[in-house]
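The values are calculated or read from the model by the stated rules, or taken from the named source; none is laboratory data. Small disclaimer: the values here were computed from a predicted structure and weren't measured. Cβ placement follows ideal geometry from the backbone for every residue including glycine, while neighbour counts extend to all protein chains displayed. Note: accessible area is taken over every heavy atom of the protein model, side chains too, but ligands, DNA and RNA are not part of it. Shrake-Rupley method; radii C 1.70, N 1.55, O 1.52, S 1.80 Å.
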Amino acid sequence: MSNCKSCCGTDDHIHVQGEHSHEHEHNHSNSKLFLGISLVVFFSGLIIQYIIKSPWFVEQEIVRLIWFGISYILVAYPVWKEAFVLAKKLDFFNEFSLMGIATLGAFVIGEYPEGVAVMLFYTIGEMFQEAAVNKAKSNIKALLDVRPNTAHVLRNGNFETIEPNNVEIGETIQVKVGEKVPLDGTLISTKGSFNTSALTGESKPSTYKKDEVVLAGMLNLENVIEIKTTKKFDDSSIAKILKMVQEATSRKAPTELFIRKFAKIYTPIVFFLALALVVIPFFIVDDYVFRDWLYRGLVFLVISCPCALVISVPLGYFGGIGAASRNGILVKGSNFLDLIAKVNTVVMDKTGTLTEGIFEVQKIETTYNEEEFLDYVSALEKQSTHPIAKAIVTRHSSLFNAIDVEEISGKGLKGNVNDKIVLAGNAKLLHHFSISYPSEIDAIVESIVVVAINNEYAGYITIADKIKDDAKEAIKKMKNLGVQQTIMLSGDKDTITQKVAKEVEIDLAFGGLLPEGKVEKVEQLKQNKNNVIAFVGDGINDAPVLALSDVGIAMGGLGSDAAIETADIVIQTDQPSKIGTAIKIGRETKKIVIQNIILAMSVKGIVLLLGAEGIANMWEAVFADVGVAFLAILNAVRIQRMNFK
């Protein structure tokens, strides 16, 4: 199809050209307008000729030629333009040239409606395909928005706001609350709390102390901090992510649609067969009449016109894209339906993909009455903004109030609740106050809040990111569909990663990975040419791997804009079980497309032979062409009624 490359969607991931986009949008609007006018002229001509049968129209061939010629030109211009562009590159035999010659042939022998109908069918099929792609696809502007665009650098005793590219190594920069760290560096301030999800995928904030390394892209959560830069912006972590997305995208070879590959063989064959049908009989037939054999040759070309194929292929895929959409799955191009059908290795992120990305209280162990215990802990945690503290407060709202609350750096909180001294934090907090606790606490994998009341161990609360309800079902569904490997990659600590993997029955899991680590793992898998890899993620940090994988799948409900726009397939419902659904839809779509191709080629092959023998006339050629197209459309629509649960 004329916009095959844009449908395949490889070059459009990164490059954003405002003027080009505006021009494309303008041209697309014109195409719709011309198609609409062409349809009106075409159908009004059919009504006048075959229903009203007005003499001024039926008996005046010049009127019919002009009438249908206007309709033809409006939709045929883009096809002829593409044919001439390819001809300049010495590509003379393609679906555009064949379609052009065949439709002109229809006009030469006076079958004007057929010539117009072929072009109309083609244009409408193209519009369906383009509409489906454009609905789901856009340039990854969101990823570019992640990049910090200002830096407050200390120069001549004052902080100046400049572009990060202009900051030198060794300079001091200031980062205010709610701002992104613009460059990699070491923390000069006493401590800082950062949301690192853009880089690591971890859903909880991380606390950094003086002289520890902080990375560009981290979000400052608490106090104004100062950082001494250690790298130029182009070498920073967030710049590397942008670069990796661009490089990974460039590694994706465009997937040609079957019709274009097939046309390279089919088109020259039928063209020369039609030519031979006109010329060869001159030497072997005694009563050779040029007009009769020209008619046969043109009938042959009209029959061989790939109208049914051109319709059945995009509409088959469009049906699959529509079925996916109704199941909460956006597919950004027909080639990705082909690829998802072949997937045998599924690699997944943990946080936000297999887990909710929201902390919840998992377990409460205490020597006190549970309600009383939670009253004390919740009262103290109300004084903190940490996500773990919020999870506890969400679980239980205390009537008590905490006073004299003190934060013990890197350990937890101390305060007076209902005239009792309450400590709540990690095990280091109890060590700090020389309070003994059960040794098995140190072996707990999940994030844990250990509590002491009046200098005595009182219990603990485990906090974990909840596994999605259908995560285990999703893995089982994929394995039932023949997926050979399921792998989880996470920026979270390895112990938590392995625990989640075991619960959902994933084959392999790797934790503690930065984006570079995830890319390396996928590149290792890609070394085996038999692997067709789908990567499923939701974070900005997943964008490079989404672009690198054969099929990138993003969790769209809660996923970042960058992940959604970089991905090839977007699961709008955030349900991992939809991965299997996408694979099933891809496979059924492929079956229907192949059925349509076989149907079209079989019927055309038979009618071509009849046409060459002079048995099939133009109307039978039209019936074969349009009839096969209609059957192909019905078959394509069938996928939308299938149940993919």
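At a glance:
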quantity	calculated
Residue 428 being surrounded by fewer than 21 Cβ atoms within 10 Å (Cβ to Cβ), touching a Gly at 6+ places or on another chain (Cβ under 9 Å) and at pLDDT below 95	yes
Residues within the range 52-82 that are without any contact (Cβ under 8 Å) to a residue 12 or more places away in the chain and not aromatic (Phe, Trp, Tyr), tallied	12
Which listed residue, of 172, 200, 196, 186, is touching a strand residue (DSSP E or B) at 6+ places or on another chain (Cβ under 6 Å), hydroxyl-bearing (Ser, Thr, Tyr) and at pLDDT below 90	196
Qualifying helices (runs of 4 or more DSSP H) (wholly inside the range 223-303; at least 3 residues being modelled with pLDDT of 75 or more)	258-279, 281-284
Qualifying residue in the range 496-513 (condition: farther than 20 Å from residue 468 by Cβ and charged (D, E, K, R))	no
Test for residue 385: is it of a type in the set (Ser, Thr, Tyr) and either buried (at least 22 other Cβ atoms within 10 Å of the Cβ) or modelled with pLDDT of 90 or more (or both)	no
Among (1) out of contact with any Pro (no Cβ under 9 Å at 6 or more places or on another chain); (2) crowded, with 18+ Cβ neighbours inside 10 Å, the one test that residue 61 misses	(2)
Hits in the range 325-372 - residues which are in a loop (DSSP other than H, G, I, E, B) and closer than 30 Å to residue 453 by Cα	367, 368, 369
Every residue from the range 439-455 that is open to solvent by 10 Å² or more (accessible area, probe 1.4 Å) and over 48 Å from the mean Cα position of the chain (by Cα)	454, 455
Selected residue [at pLDDT below 85 and of a type in the set (A, V, I, L, M)] from 579, 598, 571	571
Only listed residue being farther than 28 Å from residue 273 by Cβ and open to solvent by less than 40 Å² (accessible area, probe 1.4 Å), chosen from 115, 105, 45	45
